[in-house]
Each structure stands twice: as C-alpha cells, then as structure tokens.
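Below is one structure, written out as structure tokens, with a few remarks after it.
The values are calculated or read from the model by the stated rules, or taken from the named source; none is laboratory data. From a predicted model like this one, the values you see are computed outputs, not experimental measurements. Note: ideal-geometry Cβ built from the backbone for every residue, glycine included; neighbour counts use all protein chains shown.
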Amino acid sequence: MWKPGGRKCSRKRRAANKTITATERDIRNMEKREYSAGAVKHSFWFMEFRKVVTLRNEGKTLEELQTMNEAENLFGAPTKLRSSQIWSTVSGRMKCLDDSFIPVFLRCDVASQKLLALVAAMAYDSLFGEFVYEVLREKMIVGSNEFSDGDIRIFFNHKQVQNEKVAQWTDETLARLGRCYKTMLYEAGVIEKTRNVRKILRPIPDLLLEQWLMEHQMEYYLKALTGVR
C-alpha cells in the first residue's frame, strides 16, 4: 500500500523490478499520495491556479497568499468555506511541482498552461493521475481515442479490488468521482464534452513544458497525456 505523501510530492525515482509491466513500473516511479475521494468537491480551477502562479512570480510566498486569501477572498468565492477549499487545493497542487515550473508556465500558451495545471492536479490526486494514465493513455496507445462511462466503471472496479479504502466507497461516490474527472479533463482541453462516450483530444505539449517534465523526472505525466509507452 502506498504511503501518504508529505507536504510536497516527491519525484525520486525507484528501481523497477524486471518482472512488472510498463504501467506498474511507471506508477512505482512516482511516490504516491493516499487515495482520496475528495475530488468530488474539487474543480479544475485553472484561473485560480494561474492567479496564484502570477502572484508567486511577483514574489509573494504561499504563506502570504494564504493570509491575503483569508482577508481579501482572492478567488471571489461565494463563501469563506469555499474560498478556503479552493486555496487548499490550488496551493496543494502547486506544492507538488518544483518552483522552477513558474517561469515555464508563464512562457507557455494557454493550452500548455492548462496541461501543466492538469499535471499538478494529477500529482496532487494520485487516483486521478492513475485514471489518466491507465484509461486515457491506454486508449490513445491502441488508437481508440475515446472512452466511455463503462471504462470509468472498469477502472474503479479494478481499484476496489486493489485497495481496501477504495473498496469502501459507495457507488454514488464513484459516480461523482467519474463526473469530476470528466469535467476536469474537459476544462483542461483534453477531451470533448459529449454524453457517455468522450473523444480524447490528444494534446501537443509546448516543447518547453515537455523539456521541463523530462528534466524533473515526470515522464509519467508526459506519457499519460500524450499516449506513449
């Protein structure tokens, strides 16, 4: 069982056993956070993510920005609880990336900025990251380029067999998670918004983004998004 991560998502690589599959090897190379169903309350929050990145680039620390959010409601959230929830998630996603991503993010076009925000969301939520890797990536590899609600159910069924915590989640929780995953992927620009069957829009990352991911041992996410082995 994966051990919960600390404040930051470590990306130290570990030696892979020769007998495991390529998928298992890539997953083992990323230190995992504990599986969580908290995503049912989350959104992609790209504009909020970009705002925090911009303020960080201007010299603000996360601690200063947290204080600002508590005093000024940085994201214009409807309630204090929602404001706190957005901040906790957005800042948590940012902590999963090395600070060197900030200038890269700001130099990329909006499409690649969304991909980098998606990588942060995948690193922050291990189950979501594995969904993209094991479902979307595999579909692109075999040339399908679309997935259905049935594929989502199969993914969760497998995880319930593999993980005791996921096995305890209700069907309603899993259905809500599936809807959340589809919404985030749509807002990130990597799938179309249709009913049941969703077409995958294979992204083409900015070369700068691709290079940054490779340099920081985050090939796992690059493979997940581009559909390569």
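Go through the residues of the stretch 177-188 one by one and say whether even a single one is over 17 Å from residue 148 (Cα atoms) and surrounded by 17 or more Cβ atoms within 10 Å (Cβ to Cβ).
Within the stretch 177-188, one or more residues are over 17 Å from residue 148 (Cα atoms) and surrounded by 17 or more Cβ atoms within 10 Å (Cβ to Cβ).
Residue 49: in contact with a helix residue (DSSP H, G or I) (Cβ under 6 Å, 6 or more places away or on another chain), in a loop (DSSP other than H, G, I, E, B) and at pLDDT 95 or above, yes or no?
No.
Scan the stretch 184-211 for residues that are assigned to a loop (DSSP other than H, G, I, E, B) and touching a Cys at 6+ places or on another chain (Cβ under 7 Å) and jot them down.
206
Name every residue in the stretch 136-183 that is free of Cβ contacts under 8 Å to residues at least 24 places away in the same chain, farther than 27 Å from residue 204 by Cβ and assigned to a loop (DSSP other than H, G, I, E, B), in order of residue number.
168, 170
Of all residues being touching a Leu at 6+ places or on another chain (Cβ under 8 Å) and not charged (D, E, K, R) in the stretch 185-199, which is farthest from residue 48 (Cα to Cα)? Just the residue, please.
Of everything passing the filter in the stretch 185-199, 191 is farthest from residue 48 (Cα to Cα).
Filtering the stretch 106-141 down to residues that are touching a helix residue (DSSP H, G or I) at 6+ places or on another chain (Cβ under 9 Å) and of a type in the set (D, E, K, R), which residue is surrounded by the most Cβ atoms within 10 Å (Cβ to Cβ)?
Only one residue fits best here, namely 125.
If we scan the stretch 128-135, do we find a residue that is closer than 16 Å to residue 222 by Cβ and either over 10 Å from the mean Cα position of the chain (by Cα) or not in a helix (DSSP H, G or I) (or both)?
yes
Examine the stretch 144-155 for a residue that is under 17 Å from the mean Cα position of the chain (by Cα) and modelled with pLDDT of 95 or more, and state whether such a residue exists.
Checking the stretch 144-155: at least one residue is under 17 Å from the mean Cα position of the chain (by Cα) and modelled with pLDDT of 95 or more.
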